[in-house]
Amino acid sequence: MRHFLDFEQPLAELESKIDELRHISDGGGLNIADEVARLETKVEKFLRQTYAKLTPWQKVQVARHPDRPHGTDYLRRLIAEFTPLAGDRTFAEDRAIVGGLGRFRGRSVVAIAHEKGADTEARVRHNFGMARPEGYRKARRLMELADRFRLPVLTFVDTAGAYPGVDAEARGQAEAIARAIEACLRLEVPLIATIIGEGGSGGAIALAAGNAVLMLEHAVYSVISPEGCASILWRSADNARDAAEALRLTAQDLLRLGVIDAVVPEPLGGAHRAHDAAIAAAGDAIEKALLPLLKLDGPGLRAARRAKFVQMGTRGI
């Protein structure tokens, strides 16, 4: 069953009519192709008009869409011969972060992704993409492995933030995130980070302090969720829409501010409507960003990455 967001309700009605007509056509042998084509044209027009002017809050909704491709979808389609590596060698395995070795378009890489889960059972198993300290320590271990064997690192970010539970805090959540960010910045191999859905707080930047930071067109990336920001500033999560406007969390705003390096176009109507096309576009953007970085030596990559983050915030809002 397809899931429609609040602002997509007219689309739900149109697509329901199309399904009904196709069912009638299949059952009675009637030729209603013209009517179906007319409705499909209206669907396309609605999508173009709506998605061309999404508000920041609507983009948050699209980034969280339950049908949007998740981290393991990108690993499955972009990373050939992917071999997952588990555990932080200290405490446990964290399924909110999936990582391992594989080949990206013929080149050996280390790939790391947040995974939210596609259904209720998977979401519980992956803790809704919110990693505990052992997840970030696993990510750091994999990045250090990549550095040792001179393998580029590709990360796919999609998390509301790090897990805020008492057990995570007791095991050093803040330290684990800080060490993961440090590992990103110390690498002497290329690191390409792609925000594929929701990039929330330190839980996102722990995998995103890269030489190139890419972002899908309708993804969001922010220091805090709109609901969290609203709860602090307005004392009510009801002002999440206002917070989304103020946070400058869209790909277009972040490109203008120099926080990210490129926006990856999504298929018409968002990545959730065409997984293969969205993932292929991300793969092309990753390859385009990676090729020039392969020409730099280790110290040059580290210096360029440092310079990139030092100069952030120098552009006017």
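The values are calculated or read from the model by the stated rules, or taken from the named source; none is laboratory data. The shown structure was predicted, so the numbers you read here are calculated from the model rather than taken from an experiment. In this analysis, Cβ positions are derived from the backbone assuming ideal geometry, glycine residues included, and neighbour counts consider all displayed protein chains.
What are the residues in segment 179-210 that are among the hydroxyl-bearing types (Ser, Thr, Tyr) and modelled with pLDDT under 95, if any?
From segment 179-210, those among the hydroxyl-bearing types (Ser, Thr, Tyr) are 194, 201; that's our starting set.
Answer for segment 179-210, where residues must be among the hydroxyl-bearing types (Ser, Thr, Tyr) and modelled with pLDDT under 95: just Ser201.
Quick grid of which residues meet (1) more than 22 Å from Ser108 (Cα to Cα); (2) under 16 Å from the mean Cα position of the chain (by Cα); (3) of a type in the set (Asp, Glu):
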| residue | (1), (2), (3) |
| --- | --- |
| Gly129 | yes, yes, no |
| Arg140 | no, no, no |
| Leu145 | no, no, no |
| Gly161 | yes, yes, no |
| Ala170 | yes, no, no |
| Arg179 | yes, no, no |
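Give me the pairs, please: first residue somewhere in segment 218-241 and outside the structural domain of Leu47 (by TED's automatic domain parsing) and in contact (Cβ under 8 Å) with a residue 12 or more places away in the chain, second residue anywhere and assigned to a strand (DSSP E or B) and among the acidic types (Asp, Glu), beta-carbon distance under 9 Å, and either six or more positions apart or on two chains.
Final answer for the pair search is Ala219/Asp158; Ala219/Glu198; Val220/Glu198; Tyr221/Glu198; Ser222/Glu198; Ser225/Glu198.
Touching a Lys or Arg at 6+ places or on another chain (Cβ under 6 Å), on the phi < 0 side of the Ramachandran plot and not polar (S, T, N, Q), is that true of His126?
It is true that His126 is touching a Lys or Arg at 6+ places or on another chain (Cβ under 6 Å), on the phi < 0 side of the Ramachandran plot and not polar (S, T, N, Q).
Going through segment 161-179 one residue at a time, which ones are hydrophobic (A, V, I, L, M, F, W, C), surrounded by 17 or more Cβ atoms within 10 Å (Cβ to Cβ) and closer than 17 Å to Ala208 by Cα?
Of the residues in segment 161-179, the ones hydrophobic (A, V, I, L, M, F, W, C) are 162, 166, 168, 170, 174, 176-178.
After this cut, where a residue has to be surrounded by 17 or more Cβ atoms within 10 Å (Cβ to Cβ) as well, the list is 162, 168, 176-177.
Within segment 161-179, Ala162, Ala176, Ile177 meet the criteria.
Looking at Val36, is it at pLDDT 95 or above and farther than 16 Å from Glu266 by Cβ? Talk me through it step by step, then tell me what you get.
On the way: at pLDDT 95 or above: no; farther than 16 Å from Glu266 by Cβ: yes.
When the stated conditions are applied, Val36 does not pass them.
Among the numbered conditions (1) under 30 Å from Arg123 (Cβ atoms); (2) assigned to a loop (DSSP other than H, G, I, E, B); (3) modelled with pLDDT under 80; (4) not acidic (Asp, Glu), tell me where Ala12 comes up short.
Unmet for Ala12, out of (1) under 30 Å from Arg123 (Cβ atoms); (2) assigned to a loop (DSSP other than H, G, I, E, B); (3) modelled with pLDDT under 80; (4) not acidic (Asp, Glu): (2).
So Ile18 passes all but one of these: (1) assigned to a helix (DSSP H, G or I); (2) crowded, with 16+ Cβ neighbours inside 10 Å; (3) under 29 Å from the mean Cα position of the chain (by Cα). Which condition number does it fail?
Evaluating Ile18 over (1) assigned to a helix (DSSP H, G or I); (2) crowded, with 16+ Cβ neighbours inside 10 Å; (3) under 29 Å from the mean Cα position of the chain (by Cα) leaves (3) as the failure.
Residues Val157, Val259, Val263, Val213: which one is at pLDDT 95 or above and surrounded by fewer than 24 Cβ atoms within 10 Å (Cβ to Cβ)? Steps first, please.
Values: Val157 fails: surrounded by fewer than 24 Cβ atoms within 10 Å (Cβ to Cβ); Val259 fails: at pLDDT 95 or above; Val213 fails: surrounded by fewer than 24 Cβ atoms within 10 Å (Cβ to Cβ).
Going through Val157, Val259, Val263, Val213 in turn, the sole match is Val263.
Of the residues that sit in segment 277-307 and are among the aliphatic types (A, V, I, L, M) and not in a helix (DSSP H, G or I), which one is farthest from Arg68 (Cα to Cα)?
So the residue we want is Leu296.
Considering each of Ala230, Ala262, Ala251, Ala209 in turn, give the residue that is under 21 Å from Met130 (Cα atoms), out of contact with any Ser or Thr (no Cβ under 8 Å at 6 or more places or on another chain) and not hydroxyl-bearing (Ser, Thr, Tyr).
Ala209
Looking at Gly129, Gly135, can you tell me which residue is under 19 Å from Pro164 (Cα atoms), at pLDDT below 95 and not basic (Lys, Arg)?
Only one candidate qualifies: Gly129.
Considering each of Asp67, Asp88, Asp73 in turn, give the residue that is touching a residue at least 24 places away in the same chain (Cβ under 8 Å), of a type in the set (Asp, Glu) and touching an Asp or Glu at 6+ places or on another chain (Cβ under 8 Å).
Step by step, each of Asp67, Asp88, Asp73 is checked, and only Asp88 is touching a residue at least 24 places away in the same chain (Cβ under 8 Å), of a type in the set (Asp, Glu) and touching an Asp or Glu at 6+ places or on another chain (Cβ under 8 Å).
Please go through segment 218-276 and give me each residue that is of a type in the set (Asp, Glu) and not in a helix (DSSP H, G or I), ordered by number.
Going residue by residue through segment 218-276, those that are of a type in the set (Asp, Glu) are 227, 238, 242, 245, 253, 261, 266, 276.
Correct list: Asp261, Glu266.
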